[in-house]
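No lab work stands behind these numbers, since they all come straight from the coordinates. Everything quoted here is computed from the prediction, not taken from an experiment. Here the Cβ positions follow ideal geometry from the backbone for every residue, glycine too, while neighbour counts run over all protein chains shown.
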Amino acid sequence: MNLSEKTCLCSENVNKKRSFRNFIKTFSVSFLIIILLIPMFYTLYLYNQLNKITVKPICKSDKALGIEPSTQNNPIQNSIINIALLGTDRRKKSELGRSDTIIIATLDFKHKDLKLSSIMRDSYVKIDNHGFNKLTHAYVYGGPELTLNTINANFNLDIRDYISVDFFNLKELIDIVGGVNIDIKESEICSLNKNMAELARIEKVSYNRIENSGIQRLDGNQALAYARIRNVGNGDYERTLRQRKILTELFTEMTCRNPSEYAYIVSQIFPMIETSMTKRDIIKYGSQVLRSNIKCFKQTRFPVNNNFIEKRIHGVEYIVPDMDKTIIQLHQFIFEDIYPEEH
């Protein structure tokens, strides 16, 4: 081999090595870019999906929401976030309905749990410009803004946002995740089937009757009918427990899913939600929940036993709470992680 051939071969080897190094460099940079872009694409996808949520801005001034100065500047306010969950009860999709389910959802980053505090819908409270009436009627008089005002003013809270889902959408939401597991009592079967028949007439659909008691998988229609049982057991008090069971099981179903399923679930659920929160708030709170690894549910209802009386006023039955005791117990549960004596 002459010198020119050796020089040519050497040059060729150098070029191959350079090409290989360039390939490695290009591949590495490209791979790094892809890794960096995946979260961005996911965030963009999520942000785009959030456009499907119905956002209804409300006036968030202290006066509009019934917030007293004494409730502000709470030293643990940043670690505990309260949001009102409102389940509206409609017999027709064209109706506004009442806030049949009223729950304070607490994101407690201090104690690492999520709390659900049901407020009895028939609680006798003062509603701004409407005198004393049932808490559930605040939604009819002034929608979610007046409902927040009524909750804050009567229970000395600082809630500035709500999430609303009507019962028709709750049914669809449960079907999307494939149903929920609920322990049905023998005494609940008759009322459950009756409620299902009513829902089926409204939507002109068929339904599957519940025949046996025990733990079973309920579809959306069955679960909604279960949540609306009122005349079995301890009346409306036990109904709030059923509603919290449904929400707890729904949360469990969603958190146990494969992450690959989240995109589909999110795309189906978001159009069913109405809220006063901005997309930025939703992403911020969601990220905080994920980082905090909150998976523990705690739940109760207010007023608790022995802290209210049932009273007929002008021919209407009300639950009249002992407000002083109820406020103390509610605040202890939300802010100090202390269960009320009876729950």
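Just a few scattered comments:
- Net +/- balance of residues flanking Arg312 in space, Cβ distance below 14 Å, scoring K and R +1, D and E -1: -1
- As a rough footprinting exposure proxy, the listed residues Ser292, Ser99, Ser61 were ranked by other beta carbons within 10 Å of their own, and the order from fewest upward is Ser61, Ser292, Ser99.
- The stretch between Lys194 and Ile309, if pulled fully straight at 0.36 nm per residue, gains 38.5 nm over its current Cα-Cα span.
- With the highest mean first, a sort of the peptides 124-131, 297-304 on other beta-carbon atoms found within 10 angstrom per residue produces 297-304, 124-131.
- Under a 5 Å amide H cut-off, with hydrogens placed 1.01 Å from N, Ile163 pairs with Ala84, Leu85, Leu86 among residues at least 5 apart or on other chains.
- The Cβ shell under 14 Å around Thr275 holds other residues with a net charge of +2, Lys and Arg each +1, Asp and Glu each -1.
- Cross-link partners of Lys325 among aspartates and glutamates, defined as those whose alpha carbon lies under 14 angstrom from its own and excluding same-chain residues fewer than eight positions apart: Glu341, Glu342.
- Length added when fully stretched, Glu317-Ile338, from 0.36 nm per residue minus Cα-Cα: 4.5 nm
- Summed over all non-identical Cα pairs, the Kirkwood treatment of the range 178-273 gives a radius of 14.3 Å.
- Net charge in the neighbourhood of Leu65 (other residues with Cβ under 14 Å of its Cβ; Lys, Arg +1, Asp, Glu -1) is -3.
- By average C-beta atoms within 10 angstrom, highest first, the peptides 208-215, 145-152, 168-175, 321-328: 145-152, 168-175, 321-328, 208-215
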